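Let me begin by presenting the structure, written as structure tokens, before commenting on it.
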Number of protein chains: 2
Amino acid sequence: MINPQSLALGTKRNTIMELADYGRARAAIVGRENIFDFSIGNPSVPAPAEVNAAMVDILQNMDSLAVHGYTSTLGDPRTRAVIAEDLNRRFGCDATADELLLCCGAAPEVSAVCKALTTPGAEIFVFAPYFPEYKPYIEQAGAAFRVVPASIPDFQLNLEALEEMLSPNTSAVIVNNPNNPVGSVYTTETIEKLSALLERKSQEFGHRIYIIADEPYRELVYEGAVVPFIPNIYPHTVVCYSYSKSLSLPGERMGYIYVPTKAQDGRDLYHAIIGAARAMGHVCAPSLLQLALARCAHLLPDLSTYDRNRRTLAEALAEYGYEMAKPEGAFYIFLKAPGGDDLAFSQKAMAKDLLIMPGSDFGCPGYLRLCYCVDYDTVVRSLPIFKELMEAYR
Amino acid sequence: MINPQSLALGTKRNTIMELADYGRARAAIVGRENIFDFSIGNPSVPAPAEVNAAMVDILQNMDSLAVHGYTSTLGDPRTRAVIAEDLNRRFGCDATADELLLCCGAAPEVSAVCKALTTPGAEIFVFAPYFPEYKPYIEQAGAAFRVVPASIPDFQLNLEALEEMLSPNTSAVIVNNPNNPVGSVYTTETIEKLSALLERKSQEFGHRIYIIADEPYRELVYEGAVVPFIPNIYPHTVVCYSYSKSLSLPGERMGYIYVPTKAQDGRDLYHAIIGAARAMGHVCAPSLLQLALARCAHLLPDLSTYDRNRRTLAEALAEYGYEMAKPEGAFYIFLKAPGGDDLAFSQKAMAKDLLIMPGSDFGCPGYLRLCYCVDYDTVVRSLPIFKELMEAYR
């Protein structure tokens, strides 16, 4: 008696991973340097030296039982206190250790928060283009997956469409800022408008609509772009954070959930998230990483590598005639597909060993996602291929 | 719209964690040396030195991107190959890397496997006494949680009761060997009988009933007890393993799922488990740990510390008049509660700063679980308290 939804999810793997696997296999044939893999957001900047140094120091100088033992399910109290302090310093909020839950990365965090916010008939919204794994997270929770169409060409939030779609069944909306796959940043003004809408609709429906703020890219912004800290604008916000991108630790699975007590039913929501995570097998976040974070949570990423890639690509691609959303966050560029067919273009690019994700996989056909977390050399050597591909459409 | 089941799970925390938290708080008042905490199975033997050495070496000498980057969702291919080889060497099986999925510990593994084996109306069985978290894992999957009564006093599997309870809705039975909370080992003979029963019933019902073998304690056995490798007896078995106990790494969240291809619909089941894990937010197991395991998967725990505790406690408690199941695996002793009321006894013990779990929490009232993964000194100094408690019942 095998669960058919699970089987479908496990058989048709997510396209990003498929394309990345293809890239690895192809690299084995033609050589790594001849594959231009812009498919997956695996950071290309090493973790800050302080992180490895902290881990080594802990492994060499702390009692093994303390390093590798279970922590509290909520996470080590000192690490949570350090993170709360860091949030308060940077965003002027009033977070405390007991509003945080340390988890194995943003993916299980979002999945657990969706579960905690699902009652029978509930629906959870995402804004296109969206990270495709939101669909399985929302659906495993038992909620209906609802997509708000993209706001083109500004790639802010399509609040007119959201207003029409919100219903008495709406439990939450997921906001991913900076955005994957676009690389755009939702402005303070946008979030303020969203907040006003949700406040009004919460009153109208007689229950709170929460924001799930998925923010693994919060620290990755360029040209002075500002990422608003959503709980400061709309307190009924659960923040899901990960150190995957900011500290280049994606394989280590480390992040936190922040549930402000001032959110409506904030304490109940915090406990419901703990309960949801527990049922999925959350025990604690990796303990060595927790200890290292108590020393490293304040570190910011070195963005110069990503920024150079970003500027080089954006400039050259614009020159070749590509249109794109303004790339100001994360490490993504979202291109309008020449000819309008993203799947066809992605295939044509693949034939030249250039791997880019079709926007259709993010609920936004006609566009293409480029991850520019690659070697600069890869960027430079890929440019003639981009040029050649565009020329075929002239 | 907060999920009431999640809220209940997150508010009423699991008693083990509650008792352990109580112990920590009480220790802050009366001093750690005056708390006799036998409540939680946090290993008291340090991780093998090779594990820390491997981690340090990897951190100091490998490329940070390779150490901390995403691995394949399935887990690093080399680590999986090493684990498969280790299984084959030790159990004479024919495991391959592509039958393994590396995960963040046994808890999310069992939760995902339950999900993958759940269709509408499905029921999953556990044998009392059982690890209490099975209930939320099974129920989050949407299956009915069914408990087979304990087999007292031998604490093998109550197969007569199981046979009566199995129904056309039965999807799987969970077998936890060596057993938590009893510390008993299900013998090869017991597993062979279970296998014959499930084979017969699978034929009768026209669908396969799977075994979910939860085996974090597989390496922790004493006095030559043998833990049968269940897939060798019943191929329709999914093994959920964790390095928490064998390598004393419970906080690090590292384990694997083994799905034999020779199991009925084995490949579909493997993919369904991947799909179920993905929906819960599985991305990969912690990457540094994966790399370390490629060097350390063959290591066995040093059992001398646990064994000394086990023998000292079992001998003294028997002398004081306690009755117990034969403790031959894991690090648990399961005592018959003097007076018959485990909750009352646990309370009386708590008043003397001796923390032991009531069997009621494991579906087996009238018994008490002692975790002997503590300092030897704690064992020795706890004995007069056990003696005194028993004397009050004379």
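Identify all residues within region A:168-180 that are in contact (Cβ under 8 Å) with a residue 60 or more places away in the chain and either in contact with a Pro (Cβ under 6 Å, 6 or more places away or on another chain) or part of a loop (DSSP other than H, G, I, E, B) (or both); write none if there are none. If the condition is that a residue be in contact (Cβ under 8 Å) with a residue 60 or more places away in the chain and either in contact with a Pro (Cβ under 6 Å, 6 or more places away or on another chain) or part of a loop (DSSP other than H, G, I, E, B) (or both), then A:N177, A:P178, A:N179, A:N180 are the ones that fit.
Within region B:181-206, residues that are in contact (Cβ under 8 Å) with a residue 12 or more places away in the chain and assigned to a helix (DSSP H, G or I) sit with their Cβ atoms under 9 Å from residues that are among the small types (G, A, S) and surrounded by fewer than 18 Cβ atoms within 10 Å (Cβ to Cβ), at 6+ positions apart or across chains, in these pairs: B:F205/B:S167. If you filter region B:27-42 down to residues that are part of a helix (DSSP H, G or I) and modelled with pLDDT of 90 or more, you find that the one that is nearest to the other protein chains (Cβ to nearest Cβ) is B:I29. Among the residues of region B:119-140, the one identified as within 14 Å of the chain's Cα centre (by Cα), at the interface with chain A (Cβ under 9 Å from one of its Cβ atoms) and outside any helix (DSSP H, G or I) is B:E133.
Condition check for B:Q60 on (1) modelled with pLDDT of 95 or more; (2) surrounded by 15 or more Cβ atoms within 10 Å (Cβ to Cβ); (3) assigned to a helix (DSSP H, G or I); (4) within 11 Å of chain A (Cβ to nearest Cβ): one failure, at (2).
The condition (being free of Cβ contacts under 8 Å to residues at least 60 places away in the same chain, within 7 Å of chain A (Cβ to nearest Cβ) and in contact with a helix residue (DSSP H, G or I) (Cβ under 6 Å, 6 or more places away or on another chain)) is satisfied by just one residue among B:G275, B:G281: B:G281. Filtering region B:222-237 to residues that are hydroxyl-bearing (S, T, Y) and within 10 Å of B:V185 (Cβ to Cβ) leaves only B:Y222. Just wondering, is there one or more residues in region A:146-169 that are within 14 Å of chain B (Cβ to nearest Cβ), among the hydrophobic types (A, V, I, L, M, F, W, C), open to solvent by less than 20 Å² (accessible area, probe 1.4 Å) and closer than 22 Å to B:A141 by Cα? Scanning region A:146-169, I find no residue that is within 14 Å of chain B (Cβ to nearest Cβ), among the hydrophobic types (A, V, I, L, M, F, W, C), open to solvent by less than 20 Å² (accessible area, probe 1.4 Å) and closer than 22 Å to B:A141 by Cα, so the answer is no. Within region B:326-337, residues that are open to solvent by 10 Å² or more (accessible area, probe 1.4 Å) reach partners that are in a loop (DSSP other than H, G, I, E, B) with beta carbons closer than 6 Å, at six or more positions or on different chains, in the pairs B:P327/B:G183; B:E328/B:V185; B:E328/B:Y222; B:E328/B:E223; B:E328/B:A225; B:K336/B:E323. Between B:D57, B:D21, the distinction of being of a type in the set (D, E, K, R) and under 30 Å from B:L299 (Cβ atoms) belongs to B:D57 only. Determine which member of the set A:A106, A:A116, A:A112 is closer than 22 Å to A:A8 by Cα, within 10 Å of chain B (Cβ to nearest Cβ) and in contact (Cβ under 8 Å) with a residue 60 or more places away in the chain. The unique qualifying residue is A:A112. The residue of region A:63-92 that is farthest from the other protein chains (Cβ to nearest Cβ), among those that are farther than 18 Å from A:L288 by Cβ and open to solvent by 60 Å² or more (accessible area, probe 1.4 Å), is A:G92.
The values are calculated or read from the model by the stated rules, or taken from the named source; none is laboratory data. Nothing here was measured: the structure is a model prediction, and the numbers come from that model. As a convention, Cβ positions derive from the backbone with ideal geometry for all residues, glycine included, and neighbour counts pool all protein chains shown. To get the accessible areas, we keep the full protein, side chains included, count just its heavy atoms, and leave off ligands, DNA and RNA. Shrake-Rupley method; radii C 1.70, N 1.55, O 1.52, S 1.80 Å.
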